[in-house]
1. How big is the charge dipole of the stretch B:2-160 about its Cα centre, in debye rounded to the nearest 20, if each Lys and Arg gets +1 on its Cβ and each Asp and Glu gets -1 on its Cβ?
2. Taking beta carbons within 10 Å but only from partner chains, what does the mean come to for residues A:84-90?
3. Are there trypsin sites (Lys or Arg not before Pro) in the stretch A:74-182 that DSSP marks as loop and that have at most 13 other Cβ atoms within 10 Å, and which are they?
4. Compute the relative contact order of chain B as a whole-number percentage, counting only Cα pairs closer than 8 Å that sit 6 or more residues apart in sequence.
5. Across bins of 10 angstrom width beginning at 0, how are the C-alpha pair distances of the stretch A:1-130 distributed, in whole percent?
6. Which links in A:Lys403/A:Lys442; A:Lys53/A:Lys136; A:Lys117/A:Lys163; A:Lys11/A:Lys41 stretch past 21 Å when you go from one Cα to the other?
7. What is the list of residues in the stretch A:502-526 whose amide nitrogen lies under 13 Å from a point 7 angstrom out from the Cα of A:Ser485, following Cα to Cβ?
8. Please work out the FRET efficiency for the pair B:Gln11 and B:Glu34, using the Cβ-Cβ distance as r and a Förster radius of 25 Å; give the result to the nearest 0.05.
Amino acid sequence: MGSQGGFYQSKEFLDLVKSIGEARSKAEEDRIVLSEIETLKRRISEPDTPKRKMKEYIIRLVYVEMLGHDASFGYIHAVKMTHDDTLLVKRTGYLAVTLFLNEDHDLIILIVNTIQKDLKSDNYLVVCVALNAVCKLINEETIPAVLPQIVELLAHPKEAVRKKAIMALYRFYQKSPSSVSHLVSNFRKRLCDNDPGVMGATLCPLFDLITNDVNSYKDLVISFVSILKQVAERRLPKAYDYHQMPAPFIQIKLLKILALLGSGDKQASENMYTVVGDIFRKCDSSSNIGNAVLYECICCVSSIYPNPKLLESAADAISRFLKSDSHNLKYMGIDALGRLIKISPEIAEQHQLAVIDCLEDPDDTLKRKTFELLYKMTKSTNVEVIVDRMIDYMISINDNHYKTEIASRCVELAEQFAPSNQWFIQTMNKVFEHAGDLVNIKVAHNLMRLIAEGFGEDDNTADSQLRSSAVESYLYILGEPKLPSVFLQVICWVLGEYGTADGKYSASYITGKLCDVAEAYSNDETVKAYAVTALMKIYAFEIAAGRMVDMLPECHSLMEEFLASHSTDLQQRAYELQAVIGLDAHAVESIMPSDASCEDIEVDKALSFLNGYIQESIEKGAQPYIPESERSGMLNISNFRNQDHHEASSHGLRFEAYELPKQTVQARIPPASLASTELVPVPEPVYPRESYQTTTVPSVSSDAASTELKLRLDGVQKKWGRQTHFPSTSTSNSTSQKTVNGITQVDGSNTANSRTRETYDSRKQVEISPEKQKLAASLFGGPSKTEKKSATGHKSSKPSSHMVKSHAPKSSMEVASEKTSPVQQPPDLLDFGEPTVKSTAPSLDPFKDLEGLLEPTTQVSSAVNHSSTAAVTKSPDIMGLYTETPAGAHHKDSDILSGLSNSPMTNMVGGTTTMQVAQSSKSPNLKDSLEKDALVRQMGVTPSSQNPNLFKDLLG
Amino acid sequence: MIHFVLLISRQGKVRLTKWYSAYSQKERTKVIRELSGLILTRGPKLCNFVEWRGLRVVYKRYASLYFCMCIDEDDNELEILEIIHHYVEVLDRYFGSVCELDLIYNFHKAYFILDELLIAGELQEPSKRTVARLVAAQDSLVETAKEQTSSITNIIAQAAK
């Protein structure tokens, strides 16, 4: 068939297409299209246009709309065209309406009737065309109108019709699961259809159904496996072959389904092993489609109950992907790796160079995928490197969507794995500085809380040190010309709260800075409000300390301005400030106590102090108070919050809204029971998705953060309400600010709680840690030093200064901290709390780390053989150590530590050398750097076997 | 699930758009503008996938035409690449070594074929032969219908049963 013009279009149309094709500019194209629209508007509404002409007009309309212009004036004609008797015309009409209309368009209702008629047609082609339209156009309200016919068509003699009917039903299921819930069994039935096309189509709805409810479909495992087996054995007609692969699209669908069914189910998974193994073997990895199936196999294997042999095949396939020259395959390899490391973390080990390559790749897609992988691999040992990298990348891109995502990932990782609060604050500063307007406000609240709370320990020195360093860094950052509003809020708050706390800065200096902020960002009311309150705090602290308050002139003028501000909030703050300044020291101290942001505010929620008054009033004949929930026609607000967000997201609310009044009038159902009637979409969904947001946020910390968010919104009561969600804060007095503990636990790997949790996790994750360290070594001079040292030391997850100290917990702590102080002052103070309080937790950790390291160590070092022979001989020793006394790990560990403490100096030397190598490896071209990286890796790994001599060898 | 299919020429001219998820006309224009900026500028050796608003767009270039499909994050990108190829093969078979001009002038045919291949954002028919047969059946019916006067269409419809 045809070349151009072979399809009965008029010359006019051909000319149109041609002239648009030749248009030199967008403006010219637009001009042509606009004049075409005018022509069409005129012609299309002429009476008695012949059908063929009309059909062409409609196609021209489609064309116009495809070019991005509005053709809505012709929609009604397209709808009319679907009424036509001739398939020729009807088909074009349907095509046009499916292209023009979305399911919520007003004209849909006009088409439903036609569709109903066409579904009954005895020409299967007409039915097919109508079914295409059903899939696109039928919306929730009109489903009942066509549903019976669709069900009938499931048994149509023509397979094309059955297939489309299945898909239509599937579409209904997607749009409104409840409307077709009674028909779900049809999908099962159609799975046994003797046409492979129909069977293949059934897999789509089944996949969705199984995703939602795995357990009801476990019985189908055998069927799916046998279908997959038959497909793989080429039992399907040749027509389904695609590039010599037997029905690959069906295979992929089936593998996806098996992955769901086998997830966490050993018995079901065992049925699958053979067939998946077969597919692994049969897949042709030279063709793209073969690789598509292979990739799906890997996904399946990493989802079902692990099988060593399959995991091995999967690992092989991944390494083939990663080694391939094709970027597509690398991309898939990285993705697959991200899936597989969850089960066998050690496989990342062998692919580290490939991963680094991908990270360095100019292709953004690949880079982002790699970041995703790194994100999955992050733990306390490598968080610094990874987050640094992410932030660098975040700074370099303009795509706000991705920027937001990567910023929130940085925040999440930092909150979860931060090695120190110091680092956490610095990281947050960077994130705020570069993506401040994109991150959630709750992150800012988190940060403030962290600074206020400190470690959550009784170590006031460290806390104040932390605050001073925060103040310092903020004063420095304020020099930047333009900062995001959220960040400024944090800065103002911290300066107000702690600006003068350590006495380093005078009140006038800090207030001057705050005034600058308020002036520089004069169109940001929130920032101004924060600034005023901060000013008030500073002055209050000054007064309380008995010093004379001397308001700066610019501050005076600022106050003048705010007192007359249009914003009532600003006004009030300004008046409050004025009032506070007029008070005496004692009064000020009680309203504005210093560093009391974490103190509990007692609120008598029941308002019991009013009891007497109420009693009195009732005696005088007043009406008693009826609780909100008992008043008719109203639902308890708190109930909405508890709503499952799943329910909230169900979309049938407009439907059911009419039923509600009846329900409430009939019987005063307590709100609780309302909430539980899940099947009937209750009107709660209408309410803002407060709870929805909370539940979707994954990490504990952000959960806590959202509490904070609510704090601000709803006042004190709310905090208490949420408290129950934090069982981890067992020690808390169940007051609002204690909730914050949830945070501190997560942020700092410093607290005992998180430490142990990490250790718990470490079994799973630690195996890749050497991998990451090497990666770090090759990527970063600075952080790699940290990593290296940690490797040299006892492999704990502390940053540099921690390391050095923990090498010699026995010998002398003071010496260690002295040594570190020149390197970096603040952190070593931070660390103070650690060796004393937490010595047991970290001592557990490194041991597990060691255990995890042993394997890779021997592997790598034997491959390298020359310089690292010492390591080879050494590592089994530790293995022996470990296996000898697995129970007495605690004890043994301290032995190792003491052994280590003998040579902290050598460790230091070793650490610095590696750093140098690492740094130099960064500068030259990639190949060189990779080679160097390999070198660094040896060193990176071997020190974990605690042989400082190695470095001597290397140094000559 | 496939959210939409786009055919864009190297110059950024739209040759075909099919939306399986709801996008308003305004959004559509924006999507097309954004994606052509994103895809047409990519070098030849890079991935055939781009990340876009939390979704993936898989594209493949055939001569001067880019075939793009937008999918969910957890879909199999390689498979989509093959679905694109599958579509191109069917087009090729239908038009007889298809070229951009065929699609420019007969875009509605390309739509009809696409409708037999994809439905509701899923691949409905993995067999090229079946697709070709269905499209041919419709066409031949159209041909016959053309020759007849519309008054006897009903008879034809019955005959085709």
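Laboratory data are not the source of any read-out in this text; all were calculated from the coordinates shown. It should be emphasised that the depicted structure is a prediction, and the values quoted were computed from it without experimental measurement. Virtual Cβ from ideal backbone geometry, glycine too; neighbours counted across all protein chains shown.
1. The dipole of the stretch B:2-160 has a size of about 680 debye.
2. Whole-number average of other-chain Cβ neighbours for A:84-90 is 6.
3. In loop regions of the stretch A:74-182 (DSSP not H, G, I, E or B), the sparsely surrounded trypsin sites (Lys or Arg not before Pro) are A:Lys120.
4. After rounding, I find 21 percent.
5. Percent of pairs per bin, in order: 12, 40, 34, 13, 2.
6. Beyond 21 Å: A:Lys53/A:Lys136.
7. A:521-526
8. With a Förster radius of 25 Å, E is 0.90.
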